[in-house]
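The values are calculated or read from the model by the stated rules, or taken from the named source; none is laboratory data. Since the structure is predicted, the reported quantities are computational estimates derived from the model, not experimental observations. Cβ sites come from the backbone with ideal geometry, for glycine too, and all protein chains shown count toward neighbours.
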Amino acid sequence: MYYLCFFILITSFLTGHASPVASSEVFPWIAPKSLTVLGSPFIDVILETPKEFIEKCDVKVGEIQNINSSDIKKIFLMYRETFPENPITVTRKEPLSLTEDQLANLGCISLLNKPPYLHYGKQAEYGPALQAWDHLRLILRCPNQEDTFCYFLEETPKSLAELSLSSDVGYTLIDSDLLIYGCYIESFLKKARGPNHKILFDLNNPHIVQHYRDRVWSLLPYIDVLFLSEESTKSLTGMSNASLGRRLLSHMIPTVFVQNTAEEKAQIYFIQHGKETVYSATQELQQIVLAFLFGYIHDNVIDYCFHAGDLLLEYA
């Protein structure tokens, strides 16, 4: 019966035929799980631009930098004037690049640290979202260069400072973008630490890893599940051989989940308690990540979750 419930729930969120509901609403005899999702508090404004424009803005190409909110506005308006025909993407990154609906469909009681001003259209070029200059992060993207990140940071946002933890058994999924906020993650992890609270950390962005490498190492003792890309694995361990890097990290983290999209067929390296299993990603990586998350949070056998998710997607 339990696996039947799992099969029905995972079918609903993988095929997208169900609205976001907690598992307790569908199966009232199953105690609901608590998932706290700490995503990026920024509104990301992605600007496609040549390298010369970035240099003209007096910011360092390919780096993460904190600048004044007035400079954020100045760069944005200068871009609109210089490239009036270029489209502008406005979005907000959730952990693991999932959507709010996908996270909600995990069948948990979710708490997201999304500030109230984040109601916007993903392709909006003007409007309320772009008037909140203190909360914008410009991502200047040009060919053959690392992305250039420009943001304004004065203090920890109210949406983070007031976030409370569930007092019972729970899970917290954290986006690495929060490393930008001083020692906020360290403070949060000390409060959350306990045998009944599991911490899942999205460290897929090699740019963030490289910039905050020393701090990331200090956080590893608090982490239960670490999500990495092949490149972020190399950046974190300093090893050009990603296989050796995965093995090193698996000695410190109970569960390591590495995505390799560089190959013709994407692969997932899953290491739990030192044992590595390789899965070929025949379906979208996002869906496989969702299947894993659902299984981990709901105490299912992980191998079953991967194969069930793959089977359901194949016949959806």
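To keep it simple, each residue is scored yes or no on (1) among the hydrophobic types (A, V, I, L, M, F, W, C); (2) out of contact with any strand residue (DSSP E or B) (no Cβ under 7 Å at 6 or more places or on another chain); (3) touching a residue at least 24 places away in the same chain (Cβ under 8 Å).
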| residue | (1), (2), (3) |
| --- | --- |
| Glu186 | no, yes, yes |
| Pro195 | no, yes, no |
| Lys198 | no, no, yes |
| Phe201 | yes, no, yes |
| Pro206 | no, no, yes |
| Asp214 | no, yes, no |
| Leu220 | yes, yes, yes |
| Val225 | yes, no, yes |
Taking region 268-287 as the region of interest, how many residues are under 23 Å from Pro95 (Cα atoms) and at pLDDT below 85? 9
Verdict on Gly62 being in contact (Cβ under 8 Å) with a residue 60 or more places away in the chain, in contact with a Leu (Cβ under 7 Å, 6 or more places away or on another chain) and at positive phi: no
Take the residues in region 59-77 that are of a type outside the set (A, V, I, L, M) and within 24 Å of Pro206 (Cα to Cα), then tell me which one is farthest from the chain's Cα centre (by Cα). Lys60
Of the listed residues (Leu220, Leu173), the one being modelled with pLDDT of 85 or more, among the aliphatic types (A, V, I, L, M) and surrounded by fewer than 20 Cβ atoms within 10 Å (Cβ to Cβ) is Leu220
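If I go through region 193-210 residue by residue, how many of them are touching a helix residue (DSSP H, G or I) at 6+ places or on another chain (Cβ under 9 Å), buried (at least 18 other Cβ atoms within 10 Å of the Cβ) and not charged (D, E, K, R)?
Within region 193-210, residues that are touching a helix residue (DSSP H, G or I) at 6+ places or on another chain (Cβ under 9 Å), buried (at least 18 other Cβ atoms within 10 Å of the Cβ) and not charged (D, E, K, R) number 10.
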Taking interchain pairs and intrachain pairs at least six residues apart, which have beta carbon atoms under 9 angstrom, with the first residue in region 74-88 and closer than 12 Å to Ile54 by Cβ and the second polar (S, T, N, Q) and part of a loop (DSSP other than H, G, I, E, B)? Tyr79/Thr49; Tyr79/Asn86; Thr82/Thr49
Test set (1) at pLDDT below 90; (2) under 30 Å from Phe257 (Cα atoms); (3) acidic (Asp, Glu) - Asp147 fails condition number: (1)
Selection from region 78-90 of residues that are under 29 Å from the mean Cα position of the chain (by Cα) and of a type in the set (A, V, I, L, M): Ile88, Val90
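Counting only residues that are closer than 13 Å to Gly274 by Cα and aliphatic (A, V, I, L, M), which one in region 234-250 is surrounded by the fewest Cβ atoms within 10 Å (Cβ to Cβ)? Let's see the steps before the verdict.
Start the filter on region 234-250 by keeping residues that are closer than 13 Å to Gly274 by Cα, which leaves 243-250.
When the remaining residues are screened for being aliphatic (A, V, I, L, M), the result is 244, 248-249.
Details: Leu244: 13, Leu248: 16, Leu249: 20.
Ranking the qualifying residues of region 234-250, first place goes to Leu244.
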